[in-house]
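What follows is a set of notes on a single structure, which appears directly below.
The values are calculated or read from the model by the stated rules, or taken from the named source; none is laboratory data. Keep in mind the model is a prediction, meaning the values are calculated, not measured. Because the Cβ atoms are built from the backbone with ideal geometry, glycine has one as well, and the counts that use them run over all protein chains shown. Accessible surface is based on the protein model in full, side chains and every heavy atom, while ligands, DNA and RNA are left aside. Shrake-Rupley method; radii C 1.70, N 1.55, O 1.52, S 1.80 Å.
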Amino acid sequence: MQIRILRRRYTFLELRVLSRSIFKLFLSPKKIVNFLLVSISRFLKTKDCLGLPFNINIEPTGSCNYECVKCERFSDSYRDEGQIVQGKHMPFEHYCKIIEDIGDFLLSVRLWNFGEPLLHKDIFRMISYAKKKNIIVAVSSNLSLLSAAGAEGLVSCGLDYLIVSFDGGSARTYSLYHGADYFEKVAENIKALVYAKKKLKSLTPFIELQFIVMRENEGELAQVKRLSEELGVNKVTFLRVDKEKINFRKFNLLNRDDILPENWDYVLDKDSIRLINRCNNPWEGTLIRYSGLVLPCVEDIGETHPMGRVFYEGRYLGFKQIWKSENYRNFRAEIKDRINDIKICRNCAQRDNNIEDQIFLC
């Protein structure tokens, strides 16, 4: 038997790993009341949200050491025009202001967007700081930058959930799709992390290996499952490739056949997602980029719907006023009345906070 939570289905055994983190959420009356208020607003689809978002993405950095074929940073639609304070890294002090402001109401924080989180020198401190507020913290990483000491640090800082992007069952396909020759290195890092969990007697982080199926790796599904078992990860997830977000020119791909799998069951069908004529994200979540720019959804890769900035020239301006702003109110009304007329919604791979159509095997 499996239980669906947000974007994944889990067995009871898998959920046991996260049970302690989930239990702590129920110890906070503020989180519970906020969840109920948001749920009422979401159900009624009101322009004003009675509560604050309870699942948010915060982007620690906009920099990455990989050039993955399917990364939206290379899409023609991608924009990054935010104010840069410390390179493409969010200052730790600014991050703390966000957590201080709304952390008491958050159920989860996803520390990723376009950059590689482990490039941020304070990523462990960021995780620890959020854990002080009993927030479930998740990170998505290529895991190439982890050291043995870093593996213990990632466990001891309290990280709950780690997604490892791993789009190859061999060194050849891994290098082809990630633009980096770290297949063996990442496998060793996963082993080091699993060892650190055992050494520190910790069930967390829950480790999920995420594999996007493309032309050259579609025959490697079975060996990736075997590898995941050998490495000791908690879950392996196979995703359909989104053909609309690949920059074929940049990667010298002659046509779509160079990357799309022969089996079209492994290609995301956007038309089926568009039949879901609703979305909960404008009430439940938000994205705060490293620059402080607030966007309504991770699908807004072109920054076409800016809601405001949480900080400007080193000064924290606050998130709550942005959440209650006319920009956000109008966007929620648009989502309610004409969701398929909004470009970022038409191109969405995870409408209604659901990527069940994207996952074909768990």
Q: Check whether at least one residue in the stretch 49-57 is under 17 Å from Val294 (Cβ atoms), crowded, with 16+ Cβ neighbours inside 10 Å, modelled with pLDDT of 95 or more and of a type in the set (S, T, N, Q), and report yes or no.
A: yes
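Based on this model, can you work out whether Asp167 counts as assigned to a loop (DSSP other than H, G, I, E, B), farther than 29 Å from Tyr129 by Cβ and without any contact (Cβ under 8 Å) to a residue 40 or more places away in the chain?
Values: assigned to a loop (DSSP other than H, G, I, E, B): yes; farther than 29 Å from Tyr129 by Cβ: yes; without any contact (Cβ under 8 Å) to a residue 40 or more places away in the chain: no.
When the stated conditions are applied, Asp167 does not pass them.
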Q: Mind listing whichever residues of the stretch 306-330 are free of Cβ contacts under 8 Å to residues at least 60 places away in the same chain and in contact with a helix residue (DSSP H, G or I) (Cβ under 6 Å, 6 or more places away or on another chain)?
A: Met307, Gly308
Q. Of all residues in the stretch 142-173 being crowded, with 20+ Cβ neighbours inside 10 Å and of a type in the set (Asp, Glu), which is nearest to Ile56 (Cα to Cα)?
A. Asp160
Q.
Looking at the structure I just gave you, is Ser41 over 19 Å from Leu295 (Cβ atoms) and touching a Leu at 6+ places or on another chain (Cβ under 6 Å)?
A. yes
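Taking into account only those residues within the stretch 258-299 that are touching a Ser or Thr at 6+ places or on another chain (Cβ under 7 Å) and among the aromatic types (Phe, Trp, Tyr), which is nearest to Lys97 (Cα to Cα)?
Start the filter on the stretch 258-299 by keeping residues that are touching a Ser or Thr at 6+ places or on another chain (Cβ under 7 Å), which leaves 283, 290, 294, 296.
Still in the running and among the aromatic types (Phe, Trp, Tyr): 283, 290.
Details: Trp283: 22, Tyr290: 13 Å.
My answer is Tyr290.
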Q. Is at least one residue of the stretch 61-70 in contact with a Phe, Trp or Tyr (Cβ under 6 Å, 6 or more places away or on another chain), of a type outside the set (S, T, N, Q), at pLDDT below 95 and open to solvent by 40 Å² or more (accessible area, probe 1.4 Å)?
A. no
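Could you say which residue among Lys185, Lys198 is part of a helix (DSSP H, G or I), basic (Lys, Arg), closer than 21 Å to Glu116 by Cα and open to solvent by 30 Å² or more (accessible area, probe 1.4 Å)?
On the way: Lys198 fails: closer than 21 Å to Glu116 by Cα.
Answer to the selection: Lys185.
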Q | Conditions (1) surrounded by fewer than 20 Cβ atoms within 10 Å (Cβ to Cβ); (2) part of a loop (DSSP other than H, G, I, E, B); (3) in contact (Cβ under 8 Å) with a residue 40 or more places away in the chain; number of the one not met by Leu176 | A | (2)
(Q) Please go through the stretch 30-76 and give me each residue that is hydrophobic (A, V, I, L, M, F, W, C), in contact with a helix residue (DSSP H, G or I) (Cβ under 6 Å, 6 or more places away or on another chain) and closer than 30 Å to Tyr182 by Cα, ordered by number. (A) Cys68, Val69
Q: Only residues in the stretch 286-304 that are at positive phi count as the first member; pair them with residues that are surrounded by fewer than 23 Cβ atoms within 10 Å (Cβ to Cβ) and of a type in the set (Lys, Arg), Cβ under 6 angstrom, at least 6 apart or cross-chain, and list the lot.
A: Gly292/Arg309; Glu303/Arg79
Q) What number of residues within the stretch 117-141 are closer than 19 Å to Arg73 by Cα, surrounded by fewer than 23 Cβ atoms within 10 Å (Cβ to Cβ) and touching a Phe, Trp or Tyr at 6+ places or on another chain (Cβ under 7 Å)? A) 1
Q: Report, ordered by the first and then the second residue, all pairs with beta carbons closer than 6 Å, sequence separation of six or more or different chains, a first member in the stretch 35-63 that is farther than 30 Å from Lys88 by Cα, and a second member that is among the aliphatic types (A, V, I, L, M) and open to solvent by less than 10 Å² (accessible area, probe 1.4 Å).
A: Gly51/Val38
Q) Restricting the search to the stretch 97-116, which residues are open to solvent by less than 20 Å² (accessible area, probe 1.4 Å), part of a helix (DSSP H, G or I) and in contact with a Lys or Arg (Cβ under 9 Å, 6 or more places away or on another chain)? A) Ile99, Ile102, Gly103
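Which of the residues belonging to the stretch 147-159 are assigned to a loop (DSSP other than H, G, I, E, B) and modelled with pLDDT of 95 or more? Spell out the reasoning first.
Narrowing the stretch 147-159 to residues assigned to a loop (DSSP other than H, G, I, E, B): 147, 157-159.
Correct list: Cys157, Gly158, Leu159.
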Q: Select from the stretch 225-283 the residues that are surrounded by 14 or more Cβ atoms within 10 Å (Cβ to Cβ), under 30 Å from Ser325 (Cα atoms) and at pLDDT 80 or above and list them in ascending order.
A: Cys279, Asn280, Asn281, Pro282, Trp283
Q: May I ask you to list the residues in the stretch 169-185 that are under 20 Å from Lys235 (Cβ atoms) and either touching a strand residue (DSSP E or B) at 6+ places or on another chain (Cβ under 7 Å) or hydroxyl-bearing (Ser, Thr, Tyr) (or both)?
A: Tyr174
